[in-house]
Amino acid sequence: MAGRISEILELALARQFELEIVKRFEHYQLPIIQLRPELSKVAVCQIFEDMHEMPTPMTFFDLITACFAAEDFSLRDHFDGVSQQLSKFGVLQGVRNTDWLSAVTLVATYHRRERVLKQNPLVTQLPTVGCGRQNILNLELADYQQFAPLTLAGFEQSAKFLHSLGFVHPEDIAYPSQLLALASVLAIVGLPNDLGRTQLEQWWWSCSFGEVYNNWQNKCTASDTIEIPQWLAGGNAPSNLDSARFNRERLLQVTRRQGAIYKSLNALLRKQGAIDFVSGEVLRDVKAFDGEIESHHVFPEAWCKQQGIPAARYNCLLNRTPLRRDTNRFIGSQPPSMYLARLVEQHGISQKRLNEILRSHSIEPQTLWDDDFEAFMRLRSAKIFSLIEAATGRISSCENLAF
């Protein structure tokens, strides 16, 4: 009898517990946001973003993914396929999903603007071209599907174009937004003829050495997407090219191994055929096959310190050049005349060949054989200035650089 009572009590307690659980669900408060039908997609996306900003902020790629999903299209799956195509090109392996969506938006908004112009050449208010947040959130699925293949082709052509300039890996690109502009332009006009290619090279080098894309990147990207196709068709030069000015002082000021001028100069040296001191390999080929190429001191840091040369001088770009890591270890802390002599003795490289290798880095060989740091800086600056001026097609500022 006592056991039966105990069993009944246990069942009663279990039933009461179940009722408490059900009651909690029945009275649970769920937040509901009612959206008016006339709200724009941008407004809806803003509300959606505000509701999902924690713990990880959402990107506009997430928002557009949600919008396109409502039309039974998986943007994420489509980008996975795009990413596989882009990854075939080393320089494009850093393209993010937001970069991709920005480029598609640039191409789509450009063609929208061109359609309006074609319908009415005298129109005074044209649709904007850009890849800002509002531009992207206004992107329609039909536009995405129409212009995504063109954009992918533009990126692939960009990779081939940049490889010819010495840019091989994602870290070689100083401004990802400039890559977006290039890909968008090539998606619009295709890879141009010889003259157009020369113009594109001039634009790329000028904006890189002029550090144009340091600020207002979306604005620069939008204006270049509009103006470069016009320029290639015989119109005026793009405004970013007109405003680009390379200051010669920057080669003495830049000491960090990053930034537009550092990356552009290393690529330019590779483009002109810079050869590794020890292996004799063309560095652009080494870079293309995932060899480790770094910017190293020509006059070693330890030796410069012993000579009392200020750090700002021996660390500046004029005393740096791209070399293999193993070559840097071989150089060590020895003065140039000593490590050059070791190359002759230990590796059997003739002095004539060594001089050719040094000239491929815009270095006057005798300055290294003489361990003459000041002459080296002065003569190399002149050679590098000429190299940059030829690439940008313009005269640099600061004609006389004080050493």
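Toward the positive end of the charge dipole of region 63-108, about the Cα centre and with charges on Cβ (Lys, Arg +1; Asp, Glu -1), which of Ala70, Phe89, Ala103 goes farthest?
Phe89
Report the gain in length on full extension from Arg197 to Ser337: 0.36 nm times residue separation, minus Cα-Cα distance, nm rounded to one decimal.
Contour length minus the Cα-Cα distance gives 46.3 nm.
For region 53-132, which trypsin sites (Lys or Arg not before Pro) pass both filters: DSSP loop (anything but H, G, I, E, B) and at most 10 other C-beta atoms within 10 Å?
Sparse-neighbourhood loop trypsin sites (Lys or Arg not before Pro): Lys88.
Decide, for region 219-320, between rounded, prolate and oblate: order the square roots of the alpha carbon gyration tensor eigenvalues as a ≥ b ≥ c, take rounded if a/c falls under 1.5, and otherwise choose prolate if a/b is larger than b/c, else oblate.
Because a/c hits 1.5 or more and a/b fails to exceed b/c, region 219-320 counts as oblate.
Check which residues have an amide H placed less than 5 Å from Gly280's amide H, if you skip close sequence neighbours.
Residues meeting the amide H criterion: none.
Once amide H atoms are built 1.01 Å from N in the peptide plane, which residues 5 or more positions from Arg320, or in another chain, come under 5 Å H to H?
Result for Arg320 returns Val298.
Label-point separation (nm) for Lys305 and Ala382, each offset 7 Å from Cα along Cα-to-Cβ?
Label-label distance for Lys305 and Ala382, simple model: 3.3 nm.
Give the shape of region 128-260 as rounded, prolate or oblate, defined through the alpha-carbon gyration tensor: a ≥ b ≥ c are the square roots of its eigenvalues, a/c under 1.5 means rounded, and otherwise the shape is prolate if a/b is larger than b/c and oblate if not.
Note, shape of region 128-260 comes out prolate.
Specify whether the C-alpha gyration tensor of region 286-384 places it in the rounded, prolate or oblate class, a ≥ b ≥ c being the square roots of the eigenvalues: rounded for a/c under 1.5, otherwise prolate if a/b is larger than b/c and oblate if not.
rounded
Once neighbouring chains are kept in place and the probe is 1.4 Å, which whole percent of the accessible area of region 138-235 is contributed by carbon and sulfur?
About 52 percent, which is the carbon plus sulfur part of the accessible surface.
Report ³J(HN,Hα) in whole Hz for each residue of region 342-350, in order, from the Karplus equation J = 6.51 cos²θ - 1.76 cosθ + 1.60 where θ = phi - 60°; Gly and Pro get x.
So the J values, rounded to whole Hz, are 5, 5, 5, 6, 8, 10, x, 7, 5.
Which ³J(HN,Hα) values in Hz, rounded to whole numbers, follow from the phi angles of region 125-139 under the Karplus curve 6.51 cos²θ - 1.76 cosθ + 1.60, where θ = phi - 60° and Gly and Pro get x?
10, 9, x, 6, 10, x, 9, x, 4, 5, 4, 5, 5, 8, 5
Quick check for me: using +1 on Lys/Arg Cβ and -1 on Asp/Glu Cβ, what's the dipole size of region 298-403 about its Cα centre, in debye to the nearest 20?
Dipole of region 298-403, to the nearest 20 debye: 320 debye.
Before I look further, what does region 147-233 give for accessible area per residue, probe 1.4 Å, in whole square angstrom?
35 Å²
Set Lys and Arg Cβ to +1 and Asp and Glu Cβ to -1, take the dipole of region 112-211 about its Cα centre, and tell me which of Gln199, Phe167, Tyr144 lies farthest positive.
Tyr144
Loop-only chymotrypsin sites (Phe, Trp or Tyr not before Pro) in region 189-218, please: DSSP not H, G, I, E or B, and at most 13 other Cβ atoms within 10 Å.
Trp216
Assuming 0.36 nm per residue, please report the length gained on full extension of the stretch Asp72 to Ala390 beyond their Cα-Cα distance.
Fully extending the segment from Asp72 to Ala390 adds 109.3 nm.
When the Karplus curve 6.51 cos²θ - 1.76 cosθ + 1.60 is applied with θ = phi - 60°, which whole-Hz ³J(HN,Hα) does each residue of region 308-319 get, with x for Gly and Pro?
x, 7, x, 4, 4, 7, 6, 8, 6, 5, 5, 9
If r is the Cβ-Cβ distance from Asn236 to Gln346 and R0 is 41 Å, what FRET efficiency results, to the nearest 0.05?
With R0 = 41 Å, the Cβ-Cβ based efficiency is 0.10.
The values are calculated or read from the model by the stated rules, or taken from the named source; none is laboratory data. Please read all numbers here as calculations on a predicted model, not as lab measurements. In this analysis, Cβ positions are derived from the backbone assuming ideal geometry, glycine residues included, and neighbour counts consider all displayed protein chains. Note: areas computed on protein heavy atoms with side chains; ligands, DNA, RNA excluded. Shrake-Rupley method; radii C 1.70, N 1.55, O 1.52, S 1.80 Å.
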